[in-house]
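Structure record follows, encoded as structure tokens.
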Amino acid sequence: MSFAGKNAVVTGGLGFIGSNLARRLLEEGARVTVVDSLAPKCGANRHNLADVLDRIRLEEADLCGRLRIGPLLEGADFVFNLAGRISHLDSMTAPFEDLAINGQAHLSLLEEIRGRCPLATVVYASTRQLYGPPRYLPVDEAHPVSPVDINGVHKFSAEQYHLLFARHYGLRACALRLTNTYGPRQALSHPRFGFVGWFINRALTGQPIELFGDGAYLRDLNHVDDVVQAFLLAAGAEACAGRVFNLSGPRASLEHIAQVLAKTGGGCPVVKVEYPAQLRKLEIGDYYGSSEAFASVTGWRANPDWVGDLARTVEWFRGRLHHYLPAEGGR
Ligand SMILES: NC(=O)c1ccc[n+]([C@@H]2O[C@H](COP(=O)([O-])OP(=O)(O)OC[C@H]3O[C@@H](n4cnc5c(N)ncnc54)[C@H](O)[C@@H]3O)[C@@H](O)[C@H]2O)c1
């Protein structure tokens, strides 16, 4: 699949994964429009695209505002829908904000896509969070959906809107269920942006990495370059339309990940603390998924060298920390 000369819209493109995808699309020769609202408590960061702004059309707009979003979609060949809020805890304390960002915004976008660019290919960033505590491992796409938080419910609804529009209107839409993703340009300033970014923050600022409980739970994780590659492959594979796929990666215990980051960052301590009660209820236990279905359609595989990828990520952030630690975009 060639993206050269194609019109690609990336929602959430000032955020972590969206900005990496927008940059890759530029490299592939696409004409890129980024739509981002710089939503509070999200990972939007102007530095993520600052050096390519002369080659990207950046629109600061909320997907819920259909009057502004509609015209941006005219002529789009691809819509990569990465707008969202990833915090599980915030979704419990501000459920209606989560509904607007992770639910309503996507129905609004799809309604505009249907009218403005019905032939576009759409790829949505869903999440493994919607499975809830695994009933078996590795978790495949047939696993029951039983989220432990509001975020998981709303992400599932947005994913299902995409699939419904595929079935009902023939939209070429699919969804990728992402697992913990890390890499350059991720937000580090708060634990709400995920444990890997928070551990990198602690490791590079020489503060203790706190593990809740014994740190033995397993997680799988993906470098953002692999995730970006998966979005491009999904957009290019006709067989992906109307389907949902896991993007699973290499797995390790939380303690192992913490120790690797502590060592790479310069030797901060790793300490075990009691599990905070409000987070305990959102804990899903061991999780790792299977992406065999996606591999069979696209050939995609995650890089197994997560230790090397984490080390390269830490090195990328050294010297750039000042762009990623202060509050930005309402954080
Ligand atoms: N990062 C992960 O580990 C992970 C894991 C599973 C799923 N995901 C999903 O991938 C997507 C991207 O994640 P990320 O880590 O890059 O998040 P991020 O917070 O860095 O980026 C999301 C971007 O979306 C923007 N946004 C939010 N609501 C918007 C709206 N209504 N209109 C326009 N822009 C809006 C934010 O301003 C932000 O820049 C999200 O949908 C997330 O749920 C991420």
Antiparallel bridges, percent of DSSP beta bridges restricted to the chain (to nearest 5) = 10 percent
Which value, in Å³ per residue, describes the convex hull spanned by the Cα atoms of region 190-299?
-> 121 Å³
Going from the alpha-carbon gyration tensor of region 128-269, what semi-axes, largest first and in whole Å, does one get by taking the root of 5 times each eigenvalue?
-> 32, 17, 13
Lysines whose Cα lies under 22 Å from that of Lys272, excluding same-chain neighbours fewer than 8 positions away | Lys263, Lys281
Full-stretch length increase - His322, Arg46 - with 0.36 nm per residue and alpha-carbon distance subtracted | 98.1 nm
Kirkwood-based Rg over Rh for the chain (C-alpha set), two decimals?
-> 0.94
Taking Rh as the Kirkwood radius, which is the inverse of the mean 1/r over Cα pairs, what is the Rg/Rh value for region 106-207?
-> 1.07
Mind grabbing the base-10 log of I(q)/I(0) for region 74-144 at q = 0.16, 0.19, 0.21 Å⁻¹? Debye formula, identical points on the C-alpha positions, no solvent, two decimal places.
-> -0.74, -0.90, -0.97
Neighbourhood charge, 9 Å Cβ-Cβ cut-off, centred on Ser290 and excluding it, Lys, Arg +1 and Asp, Glu -1 = -3
What list of whole percents do you get for P(r) of region 16-80, with Cα-Cα distances grouped in 5 Å bins up to the one holding the largest distance?
-> 4, 15, 30, 25, 19, 7, 0
Between Arg57, Arg128, Arg318, find the one with the highest GNM mean-square fluctuation for the chain; connect C-alpha pairs within less than 10 Å.
-> Arg318
Per the Kirkwood definition applied to all pairs of different Cα atoms, how many angstroms is the hydrodynamic radius of region 36-116?
-> 13.8 Å
Charge dipole (the chain, unit charges on Cβ, about Cα centre) - positive-most of Pro304, Leu26, Ile150 = Leu26
Kyte-Doolittle mean at least -0.5 and Cα axial length at least 24 Å: DSSP H helices in the chain = 150-169
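Read-outs throughout are calculated quantities, based only on the coordinates presented, and are distinct from any laboratory measurement. A quick note: this is a predicted structure, and the numbers were derived from the prediction, not measured. Backbone-built Cβ (ideal geometry, glycine too); neighbour counts: all protein chains shown.
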